[in-house]
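Right, one structure below, let's go through it.
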């Protein structure tokens, strides 16, 4: 028994099966990311004044990654349009660029993650707190690590203040992106109440940041793998059933546009607000 409307659209709706399926899937994805964004916004608005960190994310890198994803959306459309015109060579070129953009996005994001794993905040016993880097840039240290390593002190290079105090935040944030680190200071272990890298355990902010960005990154990876399969082994269908092949390319493009759209919302909400 042959399944109808796999390559030809239904005459009454103008849709083929895969397009209906992808729209239903994307509806569930909207609910997933909508819940995460709503949780972030509600927690952000409900935070006590001066407790929500700001300026801890690298805005220039986030902006560049935004441009990378927007470029990939353009190449996906150009690839599909080339295929509709029967130009398979141009299609392969544009889809290859899309995959490179996806890999570039993930590479940049991994670089950004690495910086968070070596960037620390120190809560001192006198009530003050500082953000910066520990000498040697160790990964994932916490308060218990100092005791385990029997360290009497650490050399800490502080940077700007990252909390939403209107008197200090504007100047600090302006100075921080780049090389706004001060001279290294020595902090005794006995003066440290808490030590944490910028990991999910650091704060609610980073817990949500890593949840949303990692989930989005997983979608980027899965989307790139699907596009790569259609471009590679799946391209045999172009010779046997070109109409259905174009439908597959279109469906993968719809998913990719959704992935890009999520980032368009994620960047200003998490990085800029």
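The values are calculated or read from the model by the stated rules, or taken from the named source; none is laboratory data. Since this is a predicted model, take the numbers as computed values, not measurements. In this analysis, Cβ positions are derived from the backbone assuming ideal geometry, glycine residues included, and neighbour counts consider all displayed protein chains.
A few comments on the model shown:
- The residues listed here are 61, 70; of these, the one that is at pLDDT below 95, within 16 Å of the chain's Cα centre (by Cα) and either assigned to a strand (DSSP E or B) or not assigned by TED's automatic domain parsing to the domain that holds residue 146 (or both) is 61.
- Any hit, the stretch 126-133, residues being surrounded by 15 or more Cβ atoms within 10 Å (Cβ to Cβ) and over 27 Å from residue 268 (Cα atoms): no
- Any hit, the stretch 44-51, residues being in contact (Cβ under 8 Å) with a residue 40 or more places away in the chain and in contact with a helix residue (DSSP H, G or I) (Cβ under 6 Å, 6 or more places away or on another chain): no
- When residue 222 is tested against the conditions (1) touching a helix residue (DSSP H, G or I) at 6+ places or on another chain (Cβ under 6 Å); (2) assigned by TED's automatic domain parsing to the domain that holds residue 105, the lone failure is (1).
- Which listed residue, of 175, 102, 160, 170, is crowded, with 19+ Cβ neighbours inside 10 Å and either modelled with pLDDT under 95 or more than 30 Å from residue 260 (Cβ to Cβ) (or both): 160
- In this entry, residue 144 passes the filter for residues that are in a helix (DSSP H, G or I), under 30 Å from the mean Cα position of the chain (by Cα) and at pLDDT below 95.
- Residues located in the stretch 211-243, provided they are over 15 Å from residue 95 (Cβ atoms) and surrounded by fewer than 17 Cβ atoms within 10 Å (Cβ to Cβ): 211, 214, 215, 218, 221, 222, 236, 239, 240, 241, 242, 243
- Selection status of residue 243, in contact with a strand residue (DSSP E or B) (Cβ under 6 Å, 6 or more places away or on another chain), more than 17 Å from residue 30 (Cβ to Cβ) and outside any loop (DSSP other than H, G, I, E, B): no
- Looking across the stretch 182-228 at every residue that is part of a loop (DSSP other than H, G, I, E, B) and free of Cβ contacts under 8 Å to residues at least 60 places away in the same chain, the one that is nearest to the chain's Cα centre (by Cα) is identified as 200.
- Selection from the stretch 135-153 of residues that are surrounded by 15 or more Cβ atoms within 10 Å (Cβ to Cβ) and closer than 30 Å to residue 216 by Cα: 138, 141, 142
- Check on residue 55, outside any helix (DSSP H, G or I) and under 29 Å from residue 242 (Cβ atoms): no
- Which listed residue, of 50, 86, 14, is at positive phi, modelled with pLDDT of 90 or more, surrounded by fewer than 17 Cβ atoms within 10 Å (Cβ to Cβ) and not in a helix (DSSP H, G or I): 86
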